[in-house]
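One structure is given below, represented as structure tokens, and several questions about it will come after.
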Amino acid sequence: MCKSIKISFIIIFCLAIAVLAFFVAFKTTDVAFAEGNGYYYLKQATQSKTAVSSNMEFKNADGTSLFKIPETYYVKIEEINSDSISVSYMGLAGTIKKVEGLTPVTTTAISNVAITENNAYPVIELKPTGDQIAYTNMNDVETSVDSNIVKVYFMGEAMDGANIYVKFVTDDNSFYGYANKSIFESFSISSNQEVIDAINNANASPMSKATNTNNSKALRVILIIGLIIPAIVIALLIFIPRKSEQYDKARMHGKKTSFIDYDKTRSPEQDPNNAQAPQGYIQPNQPQYPAQNYNQPQNNGYYPPQQPGQPYYPPQNNGYYPPQQPQQPYYPPQGPQYPYQQQGYYPPQDNNGYPPYDDGNNGQY
């Protein structure tokens, strides 16, 4: 793979990771819903463990205001109409007025966990002072219920300020109505549990601050960097060749390298113990080179070096002294040289070796 293709792969890979990191880091949970299916949060002016009634009025189907939803809680948006918004609150269907900039959300305002029916509404159980609870149901009919068979949960303060709307829960079902505050023990409207937890955490660690991680720009930048840097490192490890690969490719193409890898096994050309014989000469146990007459030195300087008593290969018919035969012991030069000048050097030998030398004259000259 050529260098330009590798670089293109690296660039594409890094860009893909960057785009993914951008969408992950800047993903917002405040999603607008044309047909509802989200929750609307009633913000608190000043963070407190005690909530007060908000300005958001919960109305019945004909638009009559029933009660005010307490701060720090949510109302579920079912459908956004032209003049109102259909909602449900603690299971009771109704409407709220349209709010400028209203954006349904699916996660809580502080802890960013998914909003469900279990964490959207207040869980404030009221204690009746008598055995019977007198109340008015949603059809404006006055009635009562045995306080021993129901649990009563606070929903919100009625518009008149004297009554409260409550949810009655039995083992079999639930129903709604409003009653006077005085028939219940005194109570306070606690804020949503996530607000209480945030205040407790802040008090336990004064330096810490409850932040919305989706809105923290610094955290987003750190997240992007944390994804891009490992991506670049992985790309480099995958696509950039190692030195050993560069070395092999340089040798393959006959290029000189500017370094020597001492940890790399040497090739036969680099290893003096594995040196190749010159062209035209025979190396032991190697295919025979083209026959040539070599003027080889006589001082045991044959190539490769030969040891006394070892077979010499191949035969040399080039006038060396003494003549050598295939696979026969080689006898190194013996000193001293002949005592007398010999004619016709080298004469044939009839003693199969040297010394002594016999020229047929019984040593007489």
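State the number of residues belonging to the range 67-87 that are closer than 20 Å to G177 by Cβ, outside any loop (DSSP other than H, G, I, E, B) and open to solvent by less than 20 Å² (accessible area, probe 1.4 Å). I'd like the intermediate steps shown before the answer.
First, pick out the residues of the range 67-87 that are closer than 20 Å to G177 by Cβ: 67-70, 73, 75, 87.
If we keep only those that are outside any loop (DSSP other than H, G, I, E, B) as well, we get 67-70, 75, 87.
Those still in the list that are open to solvent by less than 20 Å² (accessible area, probe 1.4 Å) too: 67, 69-70, 75, 87.
Qualifying residue count for the region: 5.
Which pairs do you get when a residue that is in contact (Cβ under 8 Å) with a residue 60 or more places away in the chain and under 14 Å from I85 (Cα atoms), found in the range 36-63, comes within reach of a residue that is part of a loop (DSSP other than H, G, I, E, B) and charged (D, E, K, R), reach meaning Cβ atoms under 8 angstrom, with the pair 6+ apart or on two chains?
Taking only residues 6 or more apart or on different chains, the pairs are E57/K97.
Residue check: is L102 out of contact with any Leu (no Cβ under 8 Å at 6 or more places or on another chain), surrounded by 12 or more Cβ atoms within 10 Å (Cβ to Cβ) and farther than 30 Å from E185 by Cβ?
Working: out of contact with any Leu (no Cβ under 8 Å at 6 or more places or on another chain): yes; surrounded by 12 or more Cβ atoms within 10 Å (Cβ to Cβ): yes; farther than 30 Å from E185 by Cβ: yes.
It is true that L102 is out of contact with any Leu (no Cβ under 8 Å at 6 or more places or on another chain), surrounded by 12 or more Cβ atoms within 10 Å (Cβ to Cβ) and farther than 30 Å from E185 by Cβ.
One line per residue, one yes/no per condition, for (1) hydrophobic (A, V, I, L, M, F, W, C); (2) assigned to a strand (DSSP E or B); (3) open to solvent by less than 60 Å² (accessible area, probe 1.4 Å):
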{"position": "T136", "(1), (2), (3)": "no, yes, yes"}
{"position": "I149", "(1), (2), (3)": "yes, no, no"}
{"position": "F168", "(1), (2), (3)": "yes, yes, yes"}
{"position": "D171", "(1), (2), (3)": "no, no, no"}
{"position": "A179", "(1), (2), (3)": "yes, yes, yes"}
{"position": "S186", "(1), (2), (3)": "no, no, no"}
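Same structure again: Taking the residues in the range 53-66 that are part of a loop (DSSP other than H, G, I, E, B) and not β-branched (V, I, T) as candidates, determine which candidate is modelled with the highest pLDDT. Please lay out each step first, then the result.
Here is the first cut: in the range 53-66, the residues part of a loop (DSSP other than H, G, I, E, B) are 60-64.
Okay, now just the ones that are also not β-branched (V, I, T), so 60-63.
On the way: N60: 92, A61: 86, D62: 87, G63: 89.
Filtering the range 53-66 for residues that are part of a loop (DSSP other than H, G, I, E, B) and not β-branched (V, I, T), the one modelled with the highest pLDDT comes out as N60.
The values are calculated or read from the model by the stated rules, or taken from the named source; none is laboratory data. If you're wondering where the values come from, they're calculated on a predicted model, not measured in any experiment. Because the Cβ atoms are built from the backbone with ideal geometry, glycine has one as well, and the counts that use them run over all protein chains shown. Areas reflect the complete protein model, heavy atoms only, side chains present, ligands, DNA and RNA absent. Shrake-Rupley method; radii C 1.70, N 1.55, O 1.52, S 1.80 Å.
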